[in-house]
Every structure is written in C-alpha cells, then in structure tokens.
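Structure first, commentary second.
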Amino acid sequence: MRVVVPVPPGGSLDVMSRIFSPKWGEIMGQNVVIDYRPGANTIAGSELVARAAPDGYTLLINTLPFVVNPALYPKLPFDTGRDFAPVSYIGSSPFVLVVHPSIPAKSVKELIAIRDSRSASTRKARSSSPVPRPISPRT
C-alpha cells in the first residue's frame, strides 16, 4: 500500500502520515510505503494518485491546497471531484504565530502596526505554506 504525501518531509502531513500509516497497514494487512511527491502546490503528488489504479492501494493524504487548487489553476491534470473519493478526515494542525521577545507586540493587530511602521527590512519565516501564496492576505 502506498500513501502519497504531496509535500516535502518535515511538516504536518509528514507527521500525520507517519502516525497513521502503521495502523493503516495493520488494518489492511499490508506493508505501507510513504511516498513523498512534493511540487506544484501538491499537484504533482495528487496527479500521481489520480492516475493510479483505483484499487485502494494508493492513498493521498493532503491539505488545503487540494481544495483551493481548482480555483487557482483552471487546467489541473485531474478533476478533484471525479478522480478522488474522500475516505476520512484524520486531523488538523494548529497554526502558531510567534515573535522574538524583543518585539513589543502583544496581539496580531499590534504586530501589524509595528511591521507597517518599519522599513521593508521586516523578516518573516514559516515552516510550510499553510495558505497558497496567491491568496495569502498579507505577506
């Protein structure tokens, strides 16, 4: 059995797939291989699963881009409604916003005000892209 994870290892989908795969293998009586296929905002891995034999041995574990991509990309190589069958909701992961202790912000509103008052040198980082860049509200 193959579980396709359409993002690089290290994020929440990786953790979820590693937690659930042993149990899936036990239930199905199969060995489970986690297959990382990152790229193209999860489209690469999703296409691989869409084109796989519909025998239940290739699963896709995905997140927000899967449901947003049809609105962003009019010519996807698959149809999310036709080529996939939802099996289960398996969890969620929290989003956390943190700043260095030297930043005096105590709320998001204060942080935005501080950022807006500074030059373009404000730095940011994130471990993954929880919202696809084309629809990010503020970056």
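The values are calculated or read from the model by the stated rules, or taken from the named source; none is laboratory data. Owing to the predicted nature of the structure, the values given are computational and were not obtained by experimental measurement. We place every Cβ from the backbone using ideal geometry, glycine too, and count neighbours over all the protein chains shown.
Listing for the model above:
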read-out	value
Qualifying positions in region 44-67 - in a helix (DSSP H, G or I) and either in contact with a Pro (Cβ under 6 Å, 6 or more places away or on another chain) or closer than 18 Å to Asp14 by Cβ (or both)	Ala44, Gly45, Ser46, Glu47, Leu48, Val49, Leu64, Pro65, Phe66
Those residues of region 36-61 which are without any contact (Cβ under 8 Å) to a residue 24 or more places away in the chain and farther than 21 Å from Ser88 by Cβ, in sequence order	Ala40
Single residue of Val87, Val98 found to be assigned to a loop (DSSP other than H, G, I, E, B), at pLDDT below 95, under 30 Å from Arg115 (Cβ atoms) and over 16 Å from the mean Cα position of the chain (by Cα)	Val98
Every residue from region 46-58 that is more than 16 Å from Gly81 (Cα to Cα) and either under 15 Å from the mean Cα position of the chain (by Cα) or among the β-branched types (Val, Ile, Thr) (or both)	Thr58
Some residue of region 10-26 being touching a residue at least 12 places away in the same chain (Cβ under 8 Å) and in a loop (DSSP other than H, G, I, E, B)	yes
